[in-house]
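See structure below.
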Amino acid sequence: MFERYTEKARRLIFFARYEASDFGSSEITTEQLLVGLIREDPARFEKLTGVSPQLIREQIVREIPRQNPIGKSIDLPLSAGAKRVLAYSADEADRLRSRRIGTEHILLGLLREDDTPAERLLRQHGATLETVRKACADTNQALDAGDVAYPWYLDSDLGEPPEAPVQTSGEVVIEVEGLTKTYPGVGEPLHILRGIDLTVYKGEIIAIVGQSGSGKSTLLHILGTIDRPTGGRLRFGDQDPFALNAEDLAGFRRRSVGFVFQFHNLLPEFTALENVMMPRRISGHAGDNRLGVELLELVGLRNRLGHRPGELSGGEQQRVAIARALVNNPLLVLADEPTGALDNETGKVVFQLFERIQRGKNLTSILATHNASIASRCNRLLRLENGRLHEISQPYV
Ligand SMILES: Nc1ncnc2c1ncn2[C@@H]1O[C@H](COP(=O)(O)OP(=O)(O)O)[C@@H](O)[C@H]1O
Ligand SMILES: [Mg+2]
C-alpha cells in the first residue's frame, strides 16, 4: 500500500514518527498522525476543517501522554488505530478518484476513526467527515486528482524543493554492523556506542538526532574513519578501511569522505577558493581551480573567491566549508550539526544549498542535527539513544 502514498503523505507520517519519538512513545497513534498532519500543512488543515491547528495541536499534545504514556522504549510501529486510519485514507482516496493517498485523505481517515481522542477533538471543534469531504470535493487544489502529485514542499518553511527525486537507487554505500565505542572511565567503562547497525544507500540524506552527549559526533567520526571503533565492522562497498595502514587510511579518507563541522574549521590565512581546494592539493591534485570555482558558484559565493574567512559571515563561511567537503567528490558526506552555530534563517539557507547540491550530484550524506525542519527534509531519520540507533523512519529505496 505504501506506493500509493504521495510525498506529502509520507512526510506526514514522518512528522508523526518524529512527534511520537519526542514523546518517548512506543507506537504511532492516530493522535500523532493528527499532529503530523498539522505540522505538514497547517494552512490547508485550517482551510479544510475550519479549526485552528494551533488549538488542536495544544490539546493533542496534552492528550498524548495520557493515551500513550511517556517513558516506554522507542520502537515505532503504527498502532492498530493508525493502520486503520491509513486503510480508511486509501478508501477516501478511491472515493475521490485520487490515485494516491494525500494528506487530505489521512484527515478523512482520522475523522472516520470512531471514538479516538483525535477524532473527538476534531469533532468537538466542528470538523466532520461531511464538511471535510465537501471541502475536498469543492477545492480542486485540495485533491490529488488523477496522477498529479502535490508540489510536495509547497508550504514547507524551507521553500522550493530541489529537482532531483529523493528516492535512492538501493546501491549500498556503507554497511555498519555491531559497531561499539567504549572509553575507559573512572571505575566503570563508558559505553558510548553499544552496537550500531546501519546500511546507507547511495543518494540518501540521513539525519541523526539525539540528545547532547548521546554519541552523534563519536558515530560520525567513526563513519568518517577519523576515530576507530572498539568493536564491530564498517565497510565502504567491499572495503574495510580500518584494515588499511595509517597512511593508506588517510588517503582513503581524503578521497572518500567529506566533512562539514559545526564550526567551519577553515584556515584563516587562505582565501575561500584556496580553502576549498585544500583537500585536492593535499591529495596531490594541485593546479586546476575550476572545480573549486564551480563549487563556490554552487554555494552562491562566485564573487567571494578571494576573500579570507574573516571577511565572510558565519553562513558564508559554512558555505565555503560545504564546498570544501565536496571538492574530492566523496562517497560519503558527513555533517556534524552543520547549522548549529548559525541563526535559524541562515541555517535554512545553508541547508537548502547543501540539499540542492547533494541531490544534484547524487551524493550520500549523514548529518547530525537538532533542527526538526532540517531533519524532516532528510530521507531518513535516526535517533541515537543509549548507544543505539532507533529508526524513526525507514530507508526510502
Ligand atoms: N575521548 C573521550 N574520552 C572519554 N569520553 C569521551 C571522549 N570523547 C567523547 N566522550 C564522551 O562520549 C559521549 C558522546 O559524545 P559525543 O559523541 O560528542 O556526543 P554528541 O555529539 O551526541 O553530543 C559524551 O558523554 C562524551 O563525554
Ligand atoms: Mg556532537
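Just so it is clear, none of the values below were taken in a lab; they were calculated from the coordinates. Worth saying up front: this structure is predicted, and the values here are computed from it rather than measured. Don't worry about glycine lacking a Cβ; one is built from the backbone with ideal geometry, like all the others, and counts go over all protein chains shown.
Legend: ranking of residues Phe236, Phe242, Phe354 from fewest to most surrounding C-beta atoms inside 10 Å; resulting order Phe242, Phe236, Phe354. Taken over the alpha carbons of the range 172-391 as equal point scatterers, the Debye sum produces base-10 log I(q)/I(0) values at 0.09 Å⁻¹ of -0.35. Filter the GluC sites (Glu not before Pro) in the range 261-368 to those in DSSP coil with at most 16 other Cβ atoms within 10 Å of their Cβ, and list the result. Passing both the DSSP loop test and the Cβ count: Glu269. Of interest is the spacing of the C-alpha centroids, which for the range 188-219 and the range 252-329 amounts to 26 Å. As a calculated quantity, the FRET efficiency between Arg255 and Asp343 at R0 = 30 Å, using C-beta atoms, amounts to about 0.30.
Can you tell me, using C-alpha contacts under 8 Å and at least 6 residues apart, the relative contact order of the chain as a whole percent?
Numbers: 712 pairs, mean separation 68.6, N = 397.
The normalised contact order for the chain reaches 17 percent.
So, R0 is 41 Å and r is the distance between the beta-carbons of Ser212 and Arg95; what FRET efficiency does that work out to, to 0.05? That gives a FRET efficiency of 0.30.
Among Ser89, Ser313, Ser79, a tally of other beta-carbon atoms within 10 Å of each Cβ gives an order, fewest to most, of Ser313, Ser79, Ser89.
For the chain, take the longest principal axis of its alpha carbons; what is the angle in degrees between that and the long axis of helix 103-112, to the nearest 10 within 0 to 90? The helix 103-112 is inclined about 40 degrees to the chain. Considering only beta bridges that DSSP places wholly inside the chain, some 50 percent are antiparallel. Between the helical axis of 129-138 and the longest alpha-carbon principal axis of the chain there is an angle of about 70 degrees. With R₀ set to 35 Å, the beta-carbon distance separating Glu391 from Glu269 gives a calculated FRET efficiency near 0.20.
Within the listed set Val186, Val299, Val85, the Gaussian network model of the chain (springs between alpha-carbon atoms below 10 Å) gives the highest mean-square fluctuation for Val186.
What is the angle, in °, between the Cα long axis of helix 272-282 and the longest principal axis of the Cα atoms in the chain? Nearest 10 is fine, range 0 to 90. Taking the Cα atoms of the chain, the angle to 272-282 is about 70 degrees. With coordinates expressed along the principal axes, the C-alpha atoms belonging to the chain extend over 68, 55, 36 Å, beginning with the largest. The length gained by stretching the chain between Asn329 and Glu58 to full extension, at 0.36 nm per residue less their Cα-Cα distance, is 93.0 nm.
Remark: the Val172-Arg235 segment gains 21.7 nm on full extension, using 0.36 nm per residue and subtracting the alpha carbon distance. Once the chain from Lys83 to Lys134 is taken as fully extended at 0.36 nm per residue, the excess over their C-alpha distance is 15.9 nm.
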